[in-house]
1. Right, GLY137: surrounded by fewer than 18 Cβ atoms within 10 Å (Cβ to Cβ), in contact (Cβ under 8 Å) with a residue 60 or more places away in the chain, more than 23 Å from ALA62 (Cα to Cα) and touching a strand residue (DSSP E or B) at 6+ places or on another chain (Cβ under 9 Å) or not?
2. Given the criteria part of a loop (DSSP other than H, G, I, E, B), crowded, with 16+ Cβ neighbours inside 10 Å and modelled with pLDDT of 95 or more, does GLY144 qualify?
3. Mind listing just one residue for me: the one in region 147-186 that is part of a helix (DSSP H, G or I) and in contact with a Ser or Thr (Cβ under 8 Å, 6 or more places away or on another chain) and, of those, nearest to ALA62 (Cα to Cα)?
4. Could you tell me whether GLY137 is assigned to a loop (DSSP other than H, G, I, E, B) and more than 15 Å from ASN87 (Cβ to Cβ)?
5. Among helices (runs of 4 or more DSSP H) lying entirely in region 1-100, which contain 1 or more residues that are surrounded by 10 or more Cβ atoms within 10 Å (Cβ to Cβ), out of contact with any Phe, Trp or Tyr (no Cβ under 8 Å at 6 or more places or on another chain) and of a type in the set (Phe, Trp, Tyr)?
6. Select from region 134-179 the residues that are farther than 20 Å from SER192 by Cα, polar (S, T, N, Q) and touching a His at 6+ places or on another chain (Cβ under 8 Å) and list them in ascending order.
7. Please indicate, with yes or no, whether at least one residue in region 187-203 is of a type in the set (Lys, Arg) and in contact (Cβ under 8 Å) with a residue 60 or more places away in the chain.
8. Among the numbered conditions (1) assigned to a loop (DSSP other than H, G, I, E, B); (2) among the aliphatic types (A, V, I, L, M); (3) more than 17 Å from CYS85 (Cβ to Cβ), tell me where ALA190 comes up short.
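The values are calculated or read from the model by the stated rules, or taken from the named source; none is laboratory data. Model, not experiment: these values are computed from the prediction. Here the Cβ positions follow ideal geometry from the backbone for every residue, glycine too, while neighbour counts run over all protein chains shown.
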Amino acid sequence: MGIEMGAKLAAFSVDSVTEAYLAEHAPGASFEPLWADGDAAYCRELTYDLSSLEPVVARPHAVDNVAPVSDVKGLPIQQAFLGTCTNGRLSDLHEAVSILKGKHLAHGVRLLVIPASRAIFQAALADGTIAALVDAGAMVGPPGCGPCLGAHQGLLAPGERCIASSNRNFQGRMGSKDAEVFLGSPLTVAASALTGVLTDPREVL
């Protein structure tokens with residue numbers, strides 16, 4: 001998503017999480033991590049303390065139309081979407097369950113859940129994550145692509161508003177050009193589905 005925010009290149013250094021993933025999914029494969037030289041010079045360096053930042057959303061109809069969730073808090077939603085390639089990892093589904101387990105969606109809100117892959121779907125079935133989401137009122141679709149382009153019951157009607165953990169919110173992307181798509185984290189999606197309005201997840205955790 002760095003490119004969406006105007007960067008020419010976005011890179012992440014290899015860390016223990018990367019190494020663990022490769023060990024599990026590509027055992028025995030050899031690789032050489034690439035990164036800048038230790039004495040590399042930069043035009044500008046910026047450091048952010050992510051723990052101090054308020055959750056944000058991307059407002060319609062552009063991914064860079066970003067605002068703190070407090071700026072839009074309370075806007076009613078009709079649909080919430082969790083999953084697909086951007087935020088359909090098992091950890092993302094677990095975050096949603098941390099808010100929704102034992103509770104139920106707000107009246108009139110649809111929550112669509114699309115695991116990113118078949119393997120994640122199977123893992124979420126095995127550990128009870130899917131059951132917890134369904135018990136809360138979610139509809140679970142086949143893994144992979146889908147609702148962020150209006151498929152798998154994700155089509156928005158005129159005047160409807162959706163909070164989605166996907167990576168696009170362009171006008172007409174999920175159906176009617178008169179609908180609105182806000183982008184947020186899995187926690188923000190789950191919290192909003194629970195309350196029926198755009199919600200700061202810290203208020204319901």
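1. no
2. no
3. CYS148
4. Yes.
5. Qualifying helices (runs of 4 or more DSSP H): 16-25.
6. GLN171
7. Among the residues of region 187-203, at least one is of a type in the set (Lys, Arg) and in contact (Cβ under 8 Å) with a residue 60 or more places away in the chain, which makes the answer yes.
8. Status for ALA190: all satisfied but (1).
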